[in-house]
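Novice: Please read through the structure below; I'll follow up with questions.
What follows is calculated from the coordinates using simple rules that are stated; it is not laboratory data. The structure displayed is predicted, hence computed values, not measured ones. Note that each Cβ is placed from the backbone with ideal geometry, even for glycine, and that neighbours are counted across all protein chains shown.
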């Protein structure tokens, strides 16, 4: 049930817990761990390992999945970046690529998938429709702003975007991960 | 027996030339006339707004820019501004432009962290990318007279 | 290009008239490969069975048109044939006009199984009730849709030039 | 007898975003009910609010792997209503684009079925790798990989670029050379054949009754193809055959696609040889006259019809599109009845179902 360390309430004063008390370890173990992994070498090691394990969920919401499939294909081969071919289980994945239009009927399911993914998790909005509604922006059955439900890290415009454009978005996301704090998510 | 044949066929492919383009370091070569982002020639645009009219998704808004330079053909300095998260790259705007002020480029890398950064102002659109050939001018003629969408479309009459 | 109907279409139109007699109002052919049959609501099932006897064995599509000015909804069945080589090039439209307030007509799914999904779609998009349809449920819309049937002209979406 | 309800989708390891509600008794499927509409975008409604040119990109989006066929099928009834005749060269270029697209789409379908639904990753790589070369041809001709918006009322948007003929022939030669490799790895591979032969049999009578189209229809032994029955474009000038198979199982549906690729290569060779000179487009007004027309196009997933009603303005009064996937969906519950749950992915994949096309 626990989706990650951040969902638990933090100790009120984290610095107090770390104050050295002779002979006894007093304080919240979580705070100590948080402090320890925040140190630069460990932090960069963890971020580096996250960089090379961006596994996307296989959630196709619309037609951009064709180009996502082409990106997974032989010419572009994102496994060079540690991006494995899309996996069926969201419990094992870190990356949600919203591939196209999000309809009102699909939104509930996307939310379920997103909540089932363990932290840290990232989302890329692929294609015009996922970013802003695109060609169908005045339709009665689609969601124009998916970022109200799912926090989006990178927006990739295009209808559909070229596989290279998606790869560039992944590279942009990797830059973001490299810079971020371990427990920021 | 045919299992072995199939297996052998797979093994043969190990020794073939790699098909993968190592993307950030190598680029797949795009043909002329690839429909990437638009290029705006500020010295040709008259600000007529046909591009904004033909756009299927309200990507284009006509904005007044505050540039120091003056443009004789466009005294009001009214130029198109693109919001690329809406653009479907159909390039009807380019084909319908009566003065060939818009052109195709091979630039497709438009991803950003924030949605608002994907708004392309006329100044940003007018930057000529590397290895640009001027496809519209080259193949469809100067001032659009050569292009059937404008010449023979219902718009001219 | 309006290509005038050939002798063959006239021939088939005559065959339909002979087969169905008074059950159809009108059999015309305005364009090459297209035949239009206008039927009434009460004789629709009879007309459909007659057309099936003539060889039209599947429904290509079922569509509705909201005729706002006439206050009618027109339901069209597009029919064609797989089993008869001389009918393969044809698309026959069987059309019936219904009252716009409470449109209903006998379902033709018992005649053509292939009309099943299209009738469900027309039901949810135009609110047309198909009497005797085995499974008249929503097909495409979200579960909690509460507006008017979407393809009727009552539902307004922003106009664009 | 107790049954177990299973939910397959909308998020599932295969491809596509539709839900199949499956009732199983042990390993056997008692009943399967497809639940579609997860990508219903209401484009028929939006089409009524935009003019005919603006509708072009939107009405192609339901199937981006098959873009040119959807595009042509929407333009054809409008041209019929306007009374515009497309020049010969325009029709040839349209035919060339459609056939390249058909090969690409069939390779996509085969890659998805072989690669994802039956777990042979090699087929995924073969299909997508070869398809990239065809997408390069698309790029060269139209400027886009998949979404061309290439047909406009009156003709096509661009002429054949310089060097296109040579590149096309070169690519076709490569594809033709590579097809035997696909044949050796899959078609005659007993591992694949045993998973597909005799699975999901759709007999001829049932195919007619359910009104399926495209490769599914021809896999059941019915010789029916709009390209032959009601020729459009330049299809009446080229010589080709319609491959059919009598068995009606998943393998024969796969083989129809395989054989159609060979036919498309032959069509392309003839079309590029015979293409005449002249203009590529004619003058066409931007209004749609009063009247109605229905167009028929054979796409790679079956027959597509656009029914267009005009009222004299620049916007269509009504556009109804009927696509191959929705028609083939009717066969899915029928085929799934009584089979084992392990065969579900194979049968689903063999229909080459494209959910967006069915939901529109």
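Novice: Take the Cα pairs of segment B:1-75, get the Kirkwood Rh, then feed it into Stokes-Einstein at 10 °C and 1.306 mPa s and tell me D in µm²/s.
Specialist: 86 µm²/s
Novice: Going by alpha carbons, how many degrees (0 to 90, nearest 10) lie between the helix axis of C:116-126 and the longest principal axis of chain C?
Specialist: The helix C:116-126 is inclined about 50 degrees to chain C.
Novice: Follow-up. So if I restrict to the alpha-carbon atoms in the protein assembly as shown, what is the Rg, and what is Dmax, the biggest pairwise distance, in Å?
Specialist: 27.9, 107
Novice: Taking chain C as the reference, fit the longest principal axis to its C-alpha atoms, fit the long axis of helix C:44-54 to the helix C-alpha atoms, and give the angle between the two in degrees, 0 to 90, nearest 10.
Specialist: So the helix axis and the longest Cα principal axis differ by about 40 degrees.
Novice: While we're here: Across peptide C:135-146, how many C-beta atoms of other chains are within 10 Å of each residue C-beta, on average?
Specialist: Mean partner-chain Cβ count within 10 Å for C:135-146: 5.
Novice: Right, here's the next one. With a 10 Å cut-off between alpha carbons and a GNM built on chain D, which of D:276, D:243, D:153 moves the most?
Specialist: Looking only at D:276, D:243, D:153, the biggest GNM fluctuation is shown by D:276.
Novice: If you restrict to DSSP beta bridges whose two residues both lie in chain C, what percentage is antiparallel, to the nearest 5?
Specialist: Just about 75 percent of them are antiparallel.
Novice: Here's a follow-up. Counting helices only, and only those DSSP H runs with n ≥ 4, report the 222 nm mean residue ellipticity of chain C as the sum of -39,500 (n - 2.57) divided by its residues, in deg cm²/dmol to the nearest 500.
Specialist: Value at 222 nm, helices only, nearest 500: -7000 deg cm²/dmol.
Novice: Sorted by packing (mean other beta-carbon atoms within 10 Å per residue), highest first, where do D:117-127, B:16-26 land?
Specialist: The packing order, highest mean first, is D:117-127, B:16-26.
Novice: On a C-alpha basis, how far is the centre of segment B:1-44 from the centre of segment D:86-151 in Å? Whole number, if you could?
Specialist: 14 Å
Novice: Can you give me the C-alpha center-to-center distance between segment A:80-125 and segment D:299-360, rounded to a whole angstrom?
Specialist: 26 Å
Novice: Take the alpha carbon gyration tensor of segment A:27-112, find the square roots of its eigenvalues, order them as a ≥ b ≥ c, and report rounded if a/c is under 1.5; if not, report prolate when a/b exceeds b/c, else oblate.
Specialist: oblate
Novice: Is it possible to state the helix-based mean residue ellipticity at 222 nm for chain D, with each DSSP H run of 4+ residues giving -39500 (n - 2.57), the sum divided by total residues, to the nearest 500 deg cm²/dmol? What is it?
Specialist: One gets -14000 deg cm²/dmol as the mean residue ellipticity at 222 nm.
Novice: Order by neighbour count: C:75, A:37, fewest other Cβ atoms within 10 Å first, most last.
Specialist: Going from least to most buried by this count: A:37, C:75.
Novice: I need the calculated FRET efficiency for the pair residue B:11 and residue D:27, taking r as the beta carbon distance and R₀ as 35 Å, to the nearest 0.05.
Specialist: The formula returns an efficiency of 0.50 here.
Novice: Would you give the gap between the C-alpha center of segment C:4-38 and the C-alpha center of segment D:1-67, rounded to a whole Å?
Specialist: Result: 37 Å between the Cα centres.
Novice: Arranged by the count of other C-beta atoms within 10 angstrom, fewest first, what order do A:142, A:32 take?
Specialist: A:32, A:142
Novice: For segment D:250-360, what does the alpha-carbon gyration tensor say about shape, rounded, prolate or oblate, given a ≥ b ≥ c as the root eigenvalues, a/c under 1.5 as rounded, and a/b over b/c as prolate?
Specialist: Verdict is oblate for segment D:250-360.
Novice: Any idea how far apart residue D:174 and residue A:116 come out in nm if each label point goes 7 Å out from Cα toward Cβ?
Specialist: Between residue D:174 and residue A:116, the label points sit 4.0 nm apart.
Novice: Rounded to the nearest whole Å³, what is the per residue volume of the convex hull around the Cα atoms of segment C:7-131?
Specialist: 97 Å³
Novice: Here is a further query. Starting from the 7 Å offset along Cα-to-Cβ, what nm value, one decimal, do you get for the label separation of residue C:41 and residue A:30?
Specialist: About 6.6 nm separates the two model spin labels.
Novice: Please give the average number of partner chain Cβ atoms lying within 10 Å of the Cβ of each residue in D:47-55, rounded to a whole number.
Specialist: Average per residue, whole number: 5.
Novice: Let me ask something else about it. Could you work out how far apart the two model spin labels at residue A:171 and residue B:128 are, taking each label as a point 7 Å from the Cα in the direction of the beta carbon, and quote it in nm?
Specialist: About 2.5 nm separates the two model spin labels.
Novice: State log₁₀ I(q)/I(0) for chain D at q = 0.06, 0.11, 0.15 Å⁻¹ as given by the Debye formula over alpha-carbon point scatterers of equal weight, solvent excluded.
Specialist: -0.22, -0.73, -1.31
Novice: I've got another one for you. I want to verify a result. In a Gaussian network model of chain C, Cα cutoff 10 Å, which of these has the top mean-square fluctuation: C:81, C:93, C:102?
Specialist: The residue that fluctuates most here is C:102.
Novice: Another question, if that's okay. How do C:113-119, D:335-341, B:71-77 rank on mean C-beta neighbours within 10 Å, highest first?
Specialist: C:113-119, D:335-341, B:71-77
Novice: Given axes a ≥ b ≥ c from the Cα gyration tensor, I'd like to know whether segment D:173-231 is rounded (a/c under 1.5), prolate (a/b larger than b/c) or oblate.
Specialist: Cα axes put segment D:173-231 in the oblate bin.
Novice: Separate question: Looking only at other chains, what is the average number of their beta-carbon atoms within 10 angstrom of each beta-carbon in C:53-59?
Specialist: 2
Novice: How would A:112, C:37 line up from fewest to most surrounding beta-carbon atoms within 10 angstrom?
Specialist: A:112, C:37
Novice: Only Cα pairs within less than 10 Å get springs; with that Gaussian network setup on chain D, which residue of D:231, D:289, D:180 has the largest fluctuation?
Specialist: D:180
Novice: Can you figure out the FRET efficiency of residue C:7 with residue B:76, using R₀ = 60 Å and their beta-carbon distance, to the nearest 0.05?
Specialist: For R0 = 60 Å, the calculated efficiency reads 0.45.
Novice: For the Cα atoms of chain D, what angle does the longest principal axis make with the long axis of helix D:88-111, in degrees from 0 to 90, nearest 10?
Specialist: 20 degrees
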